[in-house]
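Notes for the one structure printed next.
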Amino acid sequence: MSYMNRWFLSTSHKDIATLYLGYGFMSAMVATGMSVIIRLELSGAGPQYLHGNNQVFNVLVTGHAMAMMFLFVMPVLIGAFGKFFVPIMMGAVDMAFARLNNISFWCLPPALVCIMASLLMENGAGTGWTVYPPLSSINSHSGPSVDLAMFALHLTTISSLLGAINFMVTVLNMRTMGMHLVHMPLFVWAMYFTAMLLLLSLPVLTAGVTLLLMDRNFNTGFFEVAAGGDPVTYQHLFWFFGHPEVYIIIIPGFGIISHIVSTYSKKPMFGHVGMLYAMGSIGLLGFLVWSHHMFVVGLDIDSRAYFTSATMVIAVPTGIKMFSWLATMYGGEVRLTVPMLFALGFLFLFTMGGLTGVMTSNASIDVAFHDTYYVVGHFHYVLSMGALFSLMGGYFYWSKSMYNLSYCVIKGRMLFWLLFNAVNGMFLPMHFLGLNGMPRRMSDYPDSFEPWNVMSSLFSMMSMFTVMLFLNMVYEQLTGNFQFKTKKVNENDNTPDFMASNLLGLNNSDIEFVLPSPANYHTYNELPMLYAKEMSNEEVK
Amino acid sequence: MISRVGLRAPRATRNFQVSAKSMNSVFGTPKTGTYSNIPFPVKTKRVPFALVWYGTFGFFFAFPFITAYWHMKKAGNI
């Protein structure tokens, strides 16, 4: 098979997932570079490195958010891990639409090019990732940068929609014999719910952004006040997508954490069915709370009361998930491996982010918190620590199974502790800054905010070193040259092998560790027969 | 197409797995095993892998810095 056929015209879900993984890491570097410049500029009061060019600061803030979410976290969690393991875990030969799978990926590199080009052209897109009019209208951003950024959003939307359709058809139609819906592994359920969220929310974003493009380029006035339009309509359209997007990012992480916690506690997941109902509830509620992002646009009091209450209700299924993870660990044989460390970090930090989320969900408190660094701190705890920690945990959990390449366990533990401290030191002070009223998306601040900003920036440098350490780890993993090769390391800490994860006999999970590593190009020569423990021999036959 | 459906209909077994394997005769047998499913050469001696690895990620990391410099230069800030 030629290189062209295998990597450019691929129909193999595993190869396409590998492409997603590489692409995601490249995008992550762009987004990390932007965050480093942002924190450098905020490392002191007054102009620091950007020489008072505040548009550049806004452009970097916009690019950082877009690249992190659409080009890094979603491609890696959904594209790489989802597309690699969903067919394998269900005993399917591949995704339902193998060529559609390839198109899904190849929409993404042009999106990265569009984002990078939008950074360079004219003044860049300094609109924030929300692209609110009138700041994003032709009067405020006249160049092609905003159009390019929106085109990048369109491309990622096409990619995600095709992927979502593929996931849904795969999950519903291609489960192997004996694999009933309710017995599906939680990661597969997570991907199914994510696909549903994508399918229902992305078209609304596309509509909003397309109307905005028409306002900018074809003289329509959907969001132009002077033409009788209403910019708040855009905010409703955007956040009807934007809030489910938060769950699109975090629900695959929920699935990964469930597998890691279960494997390294040597227990089946506590409340498997409850967990999937909780995920479904979170997904459903995610569509009913969008206006909590716009409490201060002038909503009437009944709407604010409703959106406050509905948002607080999300804490219930989230609590169910948290307590189920804790109950899984309780009484289990917990092994503090690298993936498990990231899972534990996720549990602690996501809970912290969730608690500050309950605070901001209150419409009256949000009047004070809105557009301050409190919100920035909150969503970084949920995403930068929630999604990123589950992503890192997933990488260390599955990379041996995906590529048969081991990583250095000592460096993995160092990486966890460095990252854990770095993100806490970076984002915890943001809450204090927000409580004191420091506005977000500003490149300058009064002297009184300096100490917490200095601390945040210092820990940002630390996080940059953890990124370098991670790159070094993956490099060593690929080349097999471990720096700490001679140190005594229990290989079982490294490899979540079939024997370590005891789930296979109990339900249909963890089949990926039974397969050869890496799995064959055609994963299964014959469809695997999967069955639950409670099935009798007659039923199995 | 109709004739193919007609041919398939009487079959009782689910043996569609074979089609993927038979396609190998057209496209060649894909490599399997460690390093076969990574799209870039790791163990090559032509270009040191470290250069490729750190160079690629270094470029993407440096891109925002280049952008910021370009904008400031264009605006006359520096």
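Just to be sure before I move on: is A:S390 in a helix (DSSP H, G or I), out of contact with any Gly (no Cβ under 9 Å at 6 or more places or on another chain) and either among the small types (G, A, S) or within 16 Å of A:I251 (Cα to Cα) (or both) in the structure I sent? When the stated conditions are applied, A:S390 does not pass them.
For A:H380, the conditions (1) without any contact (Cβ under 8 Å) to a residue 60 or more places away in the chain; (2) open to solvent by less than 10 Å² (accessible area, probe 1.4 Å) all hold with the exception of (2). Evaluated against (1) within 14 Å of B:P64 (Cα to Cα); (2) of a type in the set (A, V, I, L, M, F, W, C); (3) away from chain B (no Cβ under 12 Å); (4) open to solvent by 20 Å² or more (accessible area, probe 1.4 Å), A:M66 falls short on exactly one condition, (4). Taken over the stretch A:393-421, the residue count meeting the criterion of being within 14 Å of chain B (Cβ to nearest Cβ), part of a helix (DSSP H, G or I) and farther than 19 Å from A:F346 by Cβ is 4. Applying a threshold of 7 Å to beta carbon distances and a minimum spacing of six or more residues, or different chains, the list of pairs starting in the stretch A:130-153 at a residue that is over 14 Å from A:Q55 (Cα atoms) and outside any helix (DSSP H, G or I) and ending at one that is open to solvent by 60 Å² or more (accessible area, probe 1.4 Å) and not β-branched (V, I, T) reads A:P134/A:S140; A:P144/A:M121; A:P144/A:E122.
Please go through the stretch A:211-230 and pick out each residue that is among the polar types (S, T, N, Q) and either assigned to a loop (DSSP other than H, G, I, E, B) or surrounded by 12 or more Cβ atoms within 10 Å (Cβ to Cβ) (or both). Before the answer, list the steps.
Initial filter on the stretch A:211-230 (among the polar types (S, T, N, Q)): A:217, A:219-220.
Answer for the stretch A:211-230, where residues must be among the polar types (S, T, N, Q) and either assigned to a loop (DSSP other than H, G, I, E, B) or surrounded by 12 or more Cβ atoms within 10 Å (Cβ to Cβ) (or both): A:N219, A:T220.
Test A:G22 against the stated conditions and say whether it is part of a helix (DSSP H, G or I) and closer than 21 Å to A:V382 by Cβ. Answer is no for this residue.
Of all residues in the stretch A:310-350, those satisfying the criterion of being under 18 Å from A:S390 (Cα atoms) and among the polar types (S, T, N, Q) are A:T318, A:S324, A:T328, A:T337.
Does at least one position in the stretch A:173-183 carry a residue that is at positive phi and more than 19 Å from the chain's Cα centre (by Cα)?
Filtering the stretch A:173-183 down to residues at positive phi leaves A:178.
Adding the requirement that they be more than 19 Å from the chain's Cα centre (by Cα) leaves A:178.
There is at least one residue in the stretch A:173-183 that is at positive phi and more than 19 Å from the chain's Cα centre (by Cα).
For the stretch A:45-60, filtered to residues that are within 11 Å of chain B (Cβ to nearest Cβ) and aliphatic (A, V, I, L, M), the residue that is nearest to the chain's Cα centre (by Cα) is A:L60.
All of A:M279, A:M312 fail the test of being farther than 26 Å from A:L419 by Cα and either open to solvent by 40 Å² or more (accessible area, probe 1.4 Å) or not in a helix (DSSP H, G or I) (or both), apart from A:M312. Inside the stretch A:108-124, residues that are closer than 15 Å to A:S136 by Cα and either open to solvent by less than 10 Å² (accessible area, probe 1.4 Å) or charged (D, E, K, R) (or both) make up a count of 4.
Looking at the stretch A:370-377, can you tell me whether even one residue there is acidic (D, E) and either buried (at least 22 other Cβ atoms within 10 Å of the Cβ) or touching a strand residue (DSSP E or B) at 6+ places or on another chain (Cβ under 9 Å) (or both)? Full working, then the answer.
Here is the first cut: in the stretch A:370-377, the residues acidic (D, E) are A:371.
Pick out the ones that are also either buried (at least 22 other Cβ atoms within 10 Å of the Cβ) or touching a strand residue (DSSP E or B) at 6+ places or on another chain (Cβ under 9 Å) (or both) and you get A:371.
For the stretch A:370-377, residues acidic (D, E) and either buried (at least 22 other Cβ atoms within 10 Å of the Cβ) or touching a strand residue (DSSP E or B) at 6+ places or on another chain (Cβ under 9 Å) (or both): present.
The set of residues in the stretch A:288-309 that are open to solvent by less than 30 Å² (accessible area, probe 1.4 Å) and under 21 Å from the mean Cα position of the chain (by Cα) comprises A:V289, A:H292.
Among the residues of the stretch A:129-146, the ones that are open to solvent by less than 30 Å² (accessible area, probe 1.4 Å) and either more than 14 Å from A:F70 (Cβ to Cβ) or touching a strand residue (DSSP E or B) at 6+ places or on another chain (Cβ under 8 Å) (or both) come to 7 in all. Of everything in the stretch A:20-44 that's facing chain B (nearest Cβ under 7 Å) and aliphatic (A, V, I, L, M), which residue is nearest to B:F27 (Cα to Cα)? So the residue we want is A:M26. List the pairs whose first member sits in the stretch A:28-39 and is without any contact (Cβ under 8 Å) to a residue 24 or more places away in the chain and closer than 17 Å to A:S457 by Cβ, whose second member is surrounded by 24 or more Cβ atoms within 10 Å (Cβ to Cβ) and not hydroxyl-bearing (S, T, Y), and whose Cβ atoms are under 6 Å apart, counting only residues at least 6 apart or on separate chains? As it stands, the answer is A:G33/B:P64; A:I37/A:L60; A:I37/B:P64; A:I37/B:A68, since those pairs meet every condition given. Residue under question is A:A17, and the condition is that it be surrounded by 24 or more Cβ atoms within 10 Å (Cβ to Cβ), more than 30 Å from A:F459 (Cα to Cα), facing chain B (nearest Cβ under 10 Å) and touching a helix residue (DSSP H, G or I) at 6+ places or on another chain (Cβ under 9 Å); does it hold? It is true that A:A17 is surrounded by 24 or more Cβ atoms within 10 Å (Cβ to Cβ), more than 30 Å from A:F459 (Cα to Cα), facing chain B (nearest Cβ under 10 Å) and touching a helix residue (DSSP H, G or I) at 6+ places or on another chain (Cβ under 9 Å). Checked against (1) modelled with pLDDT under 95; (2) buried (at least 17 other Cβ atoms within 10 Å of the Cβ), A:G163 meets all criteria but (1).
Please tell me if A:V76 is more than 9 Å from chain B (Cβ to nearest Cβ), under 20 Å from A:W129 (Cβ atoms) and open to solvent by less than 10 Å² (accessible area, probe 1.4 Å). Here the answer is yes, as A:V76 does meet what is asked.
The values are calculated or read from the model by the stated rules, or taken from the named source; none is laboratory data. Quick caveat: nothing in here was measured; it's all calculated off a predicted structure. As a convention, Cβ positions derive from the backbone with ideal geometry for all residues, glycine included, and neighbour counts pool all protein chains shown. In case anyone asks, the SASA skips ligands and DNA or RNA and just uses the protein heavy atoms, side chains included. Shrake-Rupley method; radii C 1.70, N 1.55, O 1.52, S 1.80 Å.
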